[in-house]
Amino acid sequence: MGYQQHRRLCPSLSPPTHSDESLGKHLPHRHIGKHQKHLGGRGNAGGIDHHRILFDKYHPGYFGKVGMRTRPKGVLPSDQPVVVKSKLISKIAEKKIKEAGGAVVLTA
């Protein structure tokens, strides 16, 4: 049974409130129902703001860091001299590099 026939058989229904309802709800650009595709965002979207309670409840520890970050300490090879390439360098920096056994190369 179509929408228009249903209206004719049940006159107690309220009149259509939108122009789309009189056309039998066959227009694709109008959502009258509640089902829409990605209301809260796709995937894990909103874990930090609008889905925070669910993430904290069901996935504790999902966000945040544990411990302290440490950088690996790089060691320069002792048998190779340090070569610094730079456009600008101060006299003090150049002096310190040369004292350490390195060289300064100015590039244009």
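The values are calculated or read from the model by the stated rules, or taken from the named source; none is laboratory data. Here the structure is a predicted model, which is why all the values come from computation and not from measurement. We place every Cβ from the backbone using ideal geometry, glycine too, and count neighbours over all the protein chains shown.
For Gly102, the stated conditions hold: it is small (Gly, Ala, Ser) and surrounded by 10 or more Cβ atoms within 10 Å (Cβ to Cβ). Of the residues making up the range 33-41, none is at pLDDT 90 or above, small (Gly, Ala, Ser), surrounded by 11 or more Cβ atoms within 10 Å (Cβ to Cβ) and in contact with a helix residue (DSSP H, G or I) (Cβ under 8 Å, 6 or more places away or on another chain).
Residues that are farther than 24 Å from Gly47 by Cα and modelled with pLDDT under 85 were ranked within the range 62-78; the one that is surrounded by the most Cβ atoms within 10 Å (Cβ to Cβ) is Leu76.
Scan the range 80-108 for residues that are assigned to a loop (DSSP other than H, G, I, E, B) and touching a Lys or Arg at 6+ places or on another chain (Cβ under 6 Å) and jot them down. Residue satisfying the conditions is Thr107 alone.
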